[in-house]
Amino acid sequence: MAVPDTLRTDPGAPFAPQPTQGGPTPPYDGSQPPGKGHGWIWALVILTIIAGVVAYRVWSRPKQGAAAAAGRTTAAGQAISVGVVPVAQRDVPYYVSGLGTVTPYYTVTVHSRVDGQIMAVHFREGQFVHAGDLLAEIDPRPYEVALAQAQGQLAKDTATQANAQVNLSRDQSLWKSGVIAKQELDSQTATVGQFEGSIQTDKAQIDSAKLQLAYCHITAPISGRVGLRLVDPGNIVHASDQNGMLVIAQLHPIAVIFTLPEDALPEVQAEMKKRQLTVEAYSRDGGTKLANGKLETVDNQIDPTTGTIKLKAVFDNPDSALWPNQFVNARLFLTVRKKALVIPTAAVQKGANSPFVYIVDRQQEAQLRPVDVDFNEGNLTVIRKGLAPGEEIVVDGQDKLQQGTKVSTHPSTAAPSSANAAPSAATGYAP
């Protein structure tokens, strides 16, 4: 009986039949695929791996479920410690804020009104001057000469007019005697009138020369602080020069131009009809109060590109805390919210539909409560509706809470104080 061919154990080697007992070895022609007899081995290995993975998942799932259930049991049985404050009710000042720029109340660029050489400068850079103070002198000699010429011309024309007046009196007598014709008398009368006109012209020339001479003494048109000197002594200046000699800015009082959203305009106008509104100026970072002032006016149009309107406030600025072109935060006091509901701003959370807070009910469970925010004032938030006075709200630990979570409460250090809500003395309101 024939014995089956024996396969090589090396799967990578080419298939070749082995010699059988009692017969010659047939030649290998390479027509059979290598390792075909080992396919069932690889299939068995793959099935074994899949079965192990499935068994592991089935075996571990009950343990994970038990661990999660145990965690829920532990979380449900242990209360979360949170800081709470009661909802306060008090009078709160209502401000609207805007970004502003300090501008001088008046700004004057001083120019020369005559042509000439600067002979002297009577001010120092950065000096405070008063209206009428002498600032600079321009060479007056050309204008003194012009004045003398005008005065000489006046004297000449006055003498000529006197002579013409004498001749007119003589001609009137001769005409009455019939010695001269009426035409000669009329001609002499016209000559006297011409000299009267020349005298008036000479007087105007004298006044003009005196005025030009006065312009040689440049005085301060307003009171204020002098900036950097733009022209030095010895230079020639002209009345047509584009650049001035110096700039004077009035700092006492000083103005602040700030903007507010156009939506705030109706409320601002309504309060302006009742009383003089007050404005507070704060530093760029909002941490330092610089000055108290009053609202002077509202611009006559809204900027359509930004949807804002400009307002102008005036400050006495006695200590020069406000400086031209300084960036400030302006706070306009409008009114006082009577018996407003006040909570710390940290208690308000942002929801998908509306702001909300967590309150603690009698069962010591956290309850989510949507609220309607009126406005923020410092670290306080005024609530329009959604809360009642005395309700306990969570300030610390909200990130650990869900609806119905058991909590243990302790007073929070973020409780609103009356000092935070009190208006400044500039508002004229005392709670």
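The values are calculated or read from the model by the stated rules, or taken from the named source; none is laboratory data. It should be emphasised that the depicted structure is a prediction, and the values quoted were computed from it without experimental measurement. Methodologically, a virtual Cβ is constructed for each residue, glycine included, from the backbone with ideal geometry; neighbour enumeration extends over all protein chains shown.
Residues that are over 30 Å from Leu322 (Cα atoms), touching a Pro at 6+ places or on another chain (Cβ under 7 Å) and surrounded by 14 or more Cβ atoms within 10 Å (Cβ to Cβ) are absent from the range 171-179.
Matching residues to (1) at pLDDT 90 or above; (2) more than 30 Å from Gly390 (Cα to Cα); (3) surrounded by 17 or more Cβ atoms within 10 Å (Cβ to Cβ):
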site	(1), (2), (3)
Glu280	yes, yes, yes
Gln301	yes, yes, no
Lys310	yes, yes, yes
Asn317	yes, yes, yes
Phe327	yes, yes, no
Ala352	no, no, no
Glu365	no, no, no
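Report whether or not Leu211 is in a loop (DSSP other than H, G, I, E, B), without any contact (Cβ under 8 Å) to a residue 40 or more places away in the chain and surrounded by 13 or more Cβ atoms within 10 Å (Cβ to Cβ). Spell out how you get there, then give the answer.
Working: in a loop (DSSP other than H, G, I, E, B): no; without any contact (Cβ under 8 Å) to a residue 40 or more places away in the chain: yes; surrounded by 13 or more Cβ atoms within 10 Å (Cβ to Cβ): yes.
For Leu211, the condition - in a loop (DSSP other than H, G, I, E, B), without any contact (Cβ under 8 Å) to a residue 40 or more places away in the chain and surrounded by 13 or more Cβ atoms within 10 Å (Cβ to Cβ) - is not met.
Of the conditions (1) surrounded by 15 or more Cβ atoms within 10 Å (Cβ to Cβ); (2) in contact with a strand residue (DSSP E or B) (Cβ under 7 Å, 6 or more places away or on another chain); (3) at pLDDT below 95, Gly126 fails just one. Which one is it? If we test Gly126 against (1) surrounded by 15 or more Cβ atoms within 10 Å (Cβ to Cβ); (2) in contact with a strand residue (DSSP E or B) (Cβ under 7 Å, 6 or more places away or on another chain); (3) at pLDDT below 95, just (1) comes out false. Taken as a whole, the structure places Ile199 among residues that are of a type outside the set (Ser, Thr, Tyr), in a helix (DSSP H, G or I) and either surrounded by 16 or more Cβ atoms within 10 Å (Cβ to Cβ) or in contact with a Lys or Arg (Cβ under 9 Å, 6 or more places away or on another chain) (or both). Screening the range 287-387 for strands (runs of 3 or more DSSP E) wholly inside it with 2 or more residues that are without any contact (Cβ under 8 Å) to a residue 60 or more places away in the chain and closer than 28 Å to Pro86 by Cα returns the ranges 356-360, 366-370, 372-377, 380-385.
Within the range 293-329, the only residue that satisfies the criterion of being under 15 Å from Glu280 (Cα atoms), in contact with a Pro (Cβ under 8 Å, 6 or more places away or on another chain) and among the β-branched types (Val, Ile, Thr) is Val314.
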